[in-house]
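See structure below.
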Amino acid sequence: MTITFVSVVVALVVGGIEALGLIAELSLNLLIHHIHEILRSDVLGFLGDYLDRFLGGLAILGIREIAVLPHQVEDDVAALRYALWFATDEAYNAALRAYSEKQAALKRFQTPPTSDDFTPAKAVVRVEPLRKLDIDEAEWKRRIVDVSGMYATKEVSEKIPGIADEVEYSSGAVRGMAVNRYLVNSDGTMLRTGYTGYAANVSVNAQAIDGMQIARSNGTVAAVAKEMESAEAFRGQTMEDLRTLHALRTAPIVDEEYHGPVLFSGDAAADIVNRLFVPNVEADKPEMGTNARTQGAYTSSYRSRVLPELLSAVDDPGMTEFAGRHLLGSYAVDDEGVPAERVDVVLNGLLQHYLIGRSPVKDVPESNGHGRAAIGQGAQSKSGVMVLKPKQATPHAAMETKLVAMAKDQKRDFVFAAETLAGELTPRLLYRVYPDGRRELVRGAVFDELDQRSLRSEILAAGDDPYVQQVLTPIPQATIVPSLLFGDIGVKRATQTQEKLPYYPPPSR
């Protein structure tokens, strides 16, 4: 038995600065953590041939902290050769064991698998510039300390009376990452690719007057450091978080069972799309012995309706900028050595294509350049830059007007508008919208029947206000989604525990 295909990946993670600022009463604790450069190599070996059910094993050399610069790592040929040789031997042995196990397992099934395990690819040679961190560490540490302690300042207390006593926990963090990946495989591919990413955030927590835990947070994510929010904008977002946290403490709880219109902002709509849509178009091989095309909610939805006719979806990793900002998730060649392709995933509501790497599924026999890997993990099908496009966008003001009109036409006391979501698509900022246009902040609600069916059938309009949501880890991705108006979504009270309030007030300052 010979090795038909071998892929070697060396990833160098440069930096990764983190800062955490905590303020409790009059004490200030600042924790700064610097991650050294990390060298990790992954070797993937395959046995058999493409038609004979390719199977591979991933051998990870492990994490080795080093105190040298990237160019010195590249020059240490002997060390890399030694490490990669042993990792290759380990990958071969793992592939041999896995190959034997799969051949034995296949004998249990009458029907052969619906697709091969691996697909060929042409050789690609590409050498990109080395990525390096480019962030003002001292300035961002100062900003994190500043915003995480804003609630305790006299300036904020005068604008939001009582907020200093209400906040139970405040934290902030800033993170930067520069990754350079080297890929060599037996197809003849030789790559050096990479990316940078930066993220900063602040979170504040409190308890409502009945003991319910509430929280607010904001952040800034960017592919290049200079595109992160300015100090003024970061402070402004934190001030808004504190204002809404204060309002949530006394906001009424949702007690009613509601089914009707809900308007989701672009921020909230992006969470819905990333939760309900994107993972289901990232094709994963089905379990052995099944006739399924892929896994997930869209396993039998090929060429079928998954979105309303007014929406289409495109994943375009070659889209490097949007509205003047660089995008995380953009790349030229994926982590399996295949050039990235623009994929029309959904056209006028109908699912046209899955995102796929070099592990094909039924009806999608070739990679479209979406095999992406987190550091130290094997490649999997992943979105790069997903864009939801309305056939006819509705102006934002008209979306608001339409929502109020629906309340009047349906003779409702109110409808709902969601600004931000958290966790399991739980609303953090949810408003009752009354027929006169007035808004009232509420809390303690969850959505009911917000699923793939409602995504397919209940979207009535999409806005002209595309929102860019960027995710830095573990695999950088960007999603661009406008505000969405749903015709019928359930809203009900959450079954949330309400903890006891503190027995004693905070110490006086």
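The values are calculated or read from the model by the stated rules, or taken from the named source; none is laboratory data. The structure presented is a predicted model; accordingly, all values stated were derived computationally and were not measured. Note that we place each Cβ from the backbone using ideal geometry, even for glycine, and neighbour counts take in every protein chain shown. We work out accessible area using only protein heavy atoms, side chains counted, and drop any ligands, DNA or RNA first. Shrake-Rupley method; radii C 1.70, N 1.55, O 1.52, S 1.80 Å.
General remarks:
- Geometric descriptor of the range 142-294, per residue, is 220 Å³ (volume of the convex hull of the Cα atoms).
- Label-to-label distance for L347 and E321 is 3.0 nm, based on points extended 7 Å past Cα in the beta-carbon direction.
- The H on the amide N of A494, modeled in the peptide plane, is under 5 Å from the matching H of A445, V446, each at least 5 residues off or on a different chain.
- Subtracting the Cα-Cα distance of K159 and S186 from their residue separation scaled by 0.36 nm leaves 3.3 nm.
- Ligands, DNA and RNA are left out, and with a 1.4 angstrom probe the accessible area of the range 397-494 is 40 Å² per residue.
- Cross-linked pairs K362/K391; K132/K382; K107/K362; K362/K382; K154/K226; K285/K389: Cα-Cα separations exceed 26 Å for K362/K391; K154/K226; K285/K389.
- Calculated FRET value between A123 and K226, using beta carbons and R₀ = 45 Å, to 0.05: 0.80
- 13 Å cut-off, amide nitrogen to a point 7 angstrom out along A105 Cα→Cβ, residues in the range 350-393: none
- FRET efficiency, 1/(1 + (r/R0)^6) with R0 45 Å, evaluated for E440 and Q392 via beta carbons: 0.90
- Highest-first arrangement of 230-242, 375-387, where packing means the average Cβ count within 10 Å: 375-387, 230-242
- Per-bin percent of Cα-Cα distances, the range 420-476 [5 Å]: 4, 12, 13, 21, 28, 15, 4, 2, 1
- The simple spin-label model puts a point 7 Å past each Cα toward its Cβ; for M288 and D363 those points are separated by 2.6 nm.
- 20 Å cut-off, amide nitrogen to a point 7 angstrom out along S300 Cα→Cβ, residues in the range 251-288: 277, 280-288
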